[in-house]
1. Rounded, prolate or oblate: which one fits the stretch 173-294, using the alpha carbon gyration tensor with axes a ≥ b ≥ c (rounded when a/c is under 1.5, else prolate when a/b beats b/c, else oblate)?
2. Take the alpha-carbon centre of the stretch 193-262, take the same for the stretch 8-34, and report the distance between them in whole Å.
3. In the chain, what is the count of Lys pairs whose alpha carbons are under 27 Å apart, counting only pairs at least 8 residues apart or on separate chains?
4. Hand me the GluC sites (Glu not before Pro) from the stretch 167-214 located in a DSSP loop with no more than 14 other Cβ atoms within 10 Å, in residue order please.
5. From the Cα gyration tensor of the stretch 235-359, with a ≥ b ≥ c the square roots of its eigenvalues, which class applies: rounded if a/c is under 1.5, or else prolate if a/b is larger than b/c, or else oblate?
6. Got the relative contact order for the stretch 204-357 handy, in percent, Cα pairs under 8 Å and 6 or more residues apart?
7. Ordered by residue, what ³J(HN,Hα) values in Hz, to whole numbers, does the stretch 167-176 give under the Karplus form 6.51 cos²θ - 1.76 cosθ + 1.60, where θ = phi - 60° and Gly and Pro are x?
8. Which trypsin sites (Lys or Arg not before Pro) in the stretch 228-299 pass both tests, a DSSP loop state and at most 10 other beta-carbon atoms within 10 Å?
Amino acid sequence: MSGRALRVLHVTPSFHPAGWYGGPSRSGYGLVKSLASNGAVVRVLTTDTNGPRETLDLERDVELPLVPNATVRYCARRLPESVAPSLLRVLPSWVDWCDVIHLTAIYNFTTFPTLLLARVRHKPLVWSPRGALLRWPGSRRTAAKRAWELTARPLLDRRLTRMHATSDREAEASERRMKVPAILVPNGVDLPEAWPRPARDATLRVGFLGRIDPVKAIDRLLDALALVEGASLSIAGGGNPEYQRLLEAQAATARVSSRVRFLGEVDGASKAAFFAGIDVLVLPSHTENFGLVVVEALSYGVPVIASDRTPWSSLPQEGAGWFVSNEPPALAAALREARTADLGAMSQRARALAERLYSWRHTGQEMLGHYEALVRAAGEA
């Protein structure tokens, strides 16, 4: 490998611009761009899936330029949710091409073919579960997931495999379930232009951005809103239509419909407008491996109320938010505090925190260091 750029193969069941999957698609795209800008040559092998029923409207089964030093191939999905037979035809030659493989997601069509080829071809592997190995009381199909994990374990070479975690909690779960070491590399964010936050009025403008799914506990946020006067809620994101209908019915029953807006998916300019239009972001989730939306909010200077089921216990110490139970009374208490807090000062600290710890350039450099260490280990084995 001396004298040439590191060649990295990313294998993932979905990829930018697939918005249905929320944070994992955005963070994967950000990491690939950062790796390429830091000198690696990256190829992404993925499918055209964008949720259980949708596919992306783009050119399939050809290699497309993504950014300088990076390309992507979207293989056509033939069965739900990310089964793409053409991916299997391409995968062996792309594995042979690369120095290191980065696999994303656990319980997917892409998992076992990638693990098997990595083992047979003696290729270093970094594996990002993106929260899939974490459990909460509402977790579904736990027995099937356990069987999947037990089947995957024998394919992993402990010397050449690292689980990628974005928090201490995810690292512990990954090592316990898969029996290989974990590396801790947080997600990053493309820092937007800094600008003064708009002036506040009498109403606290609360926002949620993420996948519309029961694991996000948006129902508890609605219950909390009903306990707080002088607050409105904007809910942005796509996902589970049935859950959204339940939330809309819940808002009507709680008589807060006039204070709640469902915005659908936001991106680019509409995402910037979303952050400009809120005073505080709430992440009430039952579990999160990271919560990329928190870093995005901080980068826009928006303080955050995060549940204690997320890895964001540092927010109060940094003066950039709250870390509370996701029970409605606790969320409501944090919202009341936010109504009287100096959100201007918190906004400045939030932006400074994002700049200091969560730029994609820093994250990409850190990940490249782990790749290079594994490649050296493979050469010595």
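1. Numbers: a/c = 2.16, a/b = 1.33, b/c = 1.63.
Oblate shape, in that a/c is at least 1.5 and b/c is the bigger or equal ratio.
2. With the stretch 193-262 and the stretch 8-34 each reduced to a Cα centre, they are spaced 26 Å.
3. On the way: Lys33/Lys123; Lys33/Lys271; Lys123/Lys145; Lys123/Lys179; Lys145/Lys179; Lys145/Lys216; Lys216/Lys271.
Pairs that pass both the separation and distance tests number 7.
4. On the way: sites: Glu170, Glu172, Glu175, Glu193; in loops: Glu193.
Here the GluC sites (Glu not before Pro) that fit, given the DSSP loop and packing criteria, are Glu193.
5. On the way: a/c = 1.62, a/b = 1.38, b/c = 1.17.
The shape class here is prolate.
6. Numbers: 282 pairs, mean separation 38.9, N = 154.
Rounded, it is 25 percent for the stretch 204-357.
7. 8, 4, 5, 5, 4, 5, 5, 5, 5, 5
8. Details: sites: Arg245, Arg255, Arg259, Arg261, Lys271; in loops: Arg255.
Those satisfying the criteria are Arg255.
Readers should treat all values here as calculations from the given coordinates under stated rules, not as data from a laboratory. All of these numbers come straight from a predicted model, not from anything done at the bench. Virtual Cβ from ideal backbone geometry, glycine too; neighbours counted across all protein chains shown.
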